[in-house]
1. Are any of the residues in segment B:92-107 assigned to a helix (DSSP H, G or I), small (Gly, Ala, Ser) and open to solvent by less than 50 Å² (accessible area, probe 1.4 Å)?
2. Take A:LYS229 and decide whether it is open to solvent by 100 Å² or more (accessible area, probe 1.4 Å) and either in a loop (DSSP other than H, G, I, E, B) or within 14 Å of chain B (Cβ to nearest Cβ) (or both).
3. Which residues, taken from segment A:282-297, are open to solvent by 10 Å² or more (accessible area, probe 1.4 Å), touching a helix residue (DSSP H, G or I) at 6+ places or on another chain (Cβ under 9 Å) and of a type outside the set (A, V, I, L, M, F, W, C)?
4. Output the residues belonging to segment B:61-88 that are within 23 Å of B:MET1 (Cβ to Cβ), more than 14 Å from chain A (Cβ to nearest Cβ) and buried (at least 20 other Cβ atoms within 10 Å of the Cβ).
5. Restrict the check to segment A:167-185 and report whether at least one residue is away from every other protein chain (no Cβ under 14 Å) and assigned to a loop (DSSP other than H, G, I, E, B).
6. Within segment B:154-161, can one find any residue that is under 16 Å from B:GLY14 (Cβ atoms), among the polar types (S, T, N, Q) and out of contact with any helix residue (DSSP H, G or I) (no Cβ under 9 Å at 6 or more places or on another chain)?
7. Determine, yes or no, whether A:VAL190 is out of contact with any Lys or Arg (no Cβ under 7 Å at 6 or more places or on another chain), surrounded by 22 or more Cβ atoms within 10 Å (Cβ to Cβ) and either within 16 Å of A:GLY21 (Cα to Cα) or within 14 Å of chain B (Cβ to nearest Cβ) (or both).
8. Please verify whether B:GLY19 is touching an Asp or Glu at 6+ places or on another chain (Cβ under 9 Å), open to solvent by less than 10 Å² (accessible area, probe 1.4 Å) and either modelled with pLDDT of 95 or more or among the basic types (Lys, Arg) (or both), treating the condition exactly as stated.
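The values are calculated or read from the model by the stated rules, or taken from the named source; none is laboratory data. These numbers come from a predicted model, not from an experiment. Virtual Cβ from ideal backbone geometry, glycine too; neighbours counted across all protein chains shown. Quick note on the areas: whole protein, heavy atoms, side chains included, nothing else; ligands and nucleic acids left out. Shrake-Rupley method; radii C 1.70, N 1.55, O 1.52, S 1.80 Å.
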Amino acid sequence: MKERILLCGNEAIGEGAIQAGCQFYAGYPITPQNELTAYMARRMNEEGRVFIQSESEISAINMVFGASLAGARAMTSSSSPGISLKQEGISYLVGCELPAVIINIMRGGPGLGNIAPSQADYFQATKGGGHGDYHTIVLAPSSVEEAFSLTFLAFDLADLYRNPVIILGDGVLGQMMEPVSQIQNSRPKVKNYSKDWILNGCRGRNPRIIRSLLLGEGELEKHNQRLQKKFKEIKEKEVRFEALYLEDADFILVSYGTVSRICKAVVSNLRSLGKKIGLIRPVSLWPFPEEIIKKTAKRLKGILVVEMSAGQMLEDVKISVEGACPVYFYGRMGGGVPTEEEIFKQVIAL
Amino acid sequence: MKEEVICAGFGGQGIMVLGKILALAAMKEDKFVTWMPSYGAEVRGGTAHSMVVISDREITSPVITNPTTAIVMNQPSLDKFLPKTKAQGLVIVNTSLAKVNPTRKDLEILKVPATEMAAKLGNIKVANMIILGAYLAKRKTLSLESVLNALPETISAEFLELNEIALRTGFNL
């Protein structure tokens, strides 16, 4: 029989990082992600790795910057207001092409908002977030098990592309406990990426420079072109999504993370009533699964996007659909979690 | 089968542990289960609740708006969750700390003087186990054995025996 253990999403993310060989963690406490910081405080110490409770979110992201340029697998975590503080650091990480894993367990905003679950940081996460032309890879788990596996994957993608990766969850995912089996049963293998760019002392070799300040004529434009080429490659290779009943669906729901779980129940209820409904769940929010949505939309009567926001991913769905079918929206804000009944009513009303 | 349980009471009454033990026991019975705390600005002495969903099918949302069972350990929790409990649902009340003034006829209400019974066992902290035992006997969602097996994972060895006794006391009411 499969051995299962009960973990909350925050702890699963922590264990994903530990097993991926995270060597450095810095963070500053904030609800609803505190179990993650607490987990790292204990486990990093057990593993003889570095845990720092920094004096602020800004210092945490800059410590990650330092650890990463020295070659360490590094991570920080926070929740919405704290992630806003980290944006300068994230822009610098991308500019310097440094890998890092950043966890955002979203809460209600704007401002200090509240500590209830939310998905209102979608724009910030997927459209860059800081200054400059850039993207971070964004992965959105919808279960505790996936919180583990996607965090593990995030470290590989960060090293592979030398780019920060964001895990975008919400308060429900972070706080919820579920049985997980993967953690104990199939320990994935940690990949080793040769890092011939790190600053680890230049005795016997030429010095290396890592910087994002490029003042020479045309230098920064060339750098940006290179970055864009990398983003294009990521868009081609790293799209991830889950699809249900697309073969015969004439209407689909599109949602991610916690909300997609609730949407799945609506889909299965409507299916049992004979409705031809399907679902697309983006797992990578950037790169966004444009192609599958575009392809599917051509034979649909409509799409309902459901989010815990005023409608952010909605825009990416509309861009993908290119007007091929109507796109509707249902959202809750400021900590509201949509119920099965609410979404069901929305679908029936269309 | 889908059971949605809200456990509520004062911080310090073992509300979170009560929910976690239920969740662990459900996991041992190979059921789908989620556990979720209310994680507002809770303080010791304030009210807190945890939500446990136990099902034969994959669980969509761990957030419970209207429970099928409410286990309430104090008056504020009773006042909050009695009106929200689903029709034909079950409300188990710790009558040592809450007075039931039944305004709804569509609920089953089970009264357990859990804090007083726990005091008789020598420690009011096991009131949560007494009420959990009463729940298991009433609802039969999970077996007493699975819950007994789950205890050592959350209760330290020192207090294990007392908790087991309290659980059985509630079960045999």
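1. Residues of segment B:92-107 that are assigned to a helix (DSSP H, G or I), as a first pass: none.
Taking every residue of segment B:92-107 in turn, none turns out to be assigned to a helix (DSSP H, G or I), small (Gly, Ala, Ser) and open to solvent by less than 50 Å² (accessible area, probe 1.4 Å).
2. On the way: open to solvent by 100 Å² or more (accessible area, probe 1.4 Å): yes; either in a loop (DSSP other than H, G, I, E, B) or within 14 Å of chain B (Cβ to nearest Cβ) (or both): no.
Criteria not met by A:LYS229.
3. Result: A:GLU290, A:GLU291, A:LYS294.
4. Step one: filter segment B:61-88 for residues within 23 Å of B:MET1 (Cβ to Cβ), giving B:61-72, B:81, B:84-88.
Narrowing further to those that are more than 14 Å from chain A (Cβ to nearest Cβ): B:68-72, B:81, B:85, B:87-88.
Answer for segment B:61-88, where residues must be within 23 Å of B:MET1 (Cβ to Cβ), more than 14 Å from chain A (Cβ to nearest Cβ) and buried (at least 20 other Cβ atoms within 10 Å of the Cβ): B:THR68, B:THR69, B:ALA70, B:ILE71, B:VAL72, B:PHE81, B:THR85.
5. From segment A:167-185, those away from every other protein chain (no Cβ under 14 Å) are A:167-168, A:182, A:185; that's our starting set.
Imposing the further condition that a residue be assigned to a loop (DSSP other than H, G, I, E, B) reduces the set to none.
Looking for residues that are away from every other protein chain (no Cβ under 14 Å) and assigned to a loop (DSSP other than H, G, I, E, B), one finds none in segment A:167-185, hence no.
6. If we filter segment B:154-161 for residues that are under 16 Å from B:GLY14 (Cβ atoms), which is where we start, we get B:154-156, B:158-160.
Then keep just the ones that are among the polar types (S, T, N, Q); that gives B:154, B:156.
Subset that is out of contact with any helix residue (DSSP H, G or I) (no Cβ under 9 Å at 6 or more places or on another chain): B:156.
Yes, the conditions are met somewhere in segment B:154-161.
7. Details: out of contact with any Lys or Arg (no Cβ under 7 Å at 6 or more places or on another chain): yes; surrounded by 22 or more Cβ atoms within 10 Å (Cβ to Cβ): no; either within 16 Å of A:GLY21 (Cα to Cα) or within 14 Å of chain B (Cβ to nearest Cβ) (or both): yes.
In short, no.
8. Working: touching an Asp or Glu at 6+ places or on another chain (Cβ under 9 Å): no; open to solvent by less than 10 Å² (accessible area, probe 1.4 Å): yes; either modelled with pLDDT of 95 or more or among the basic types (Lys, Arg) (or both): yes.
Taking the combined requirement at face value, the residue does not satisfy it.
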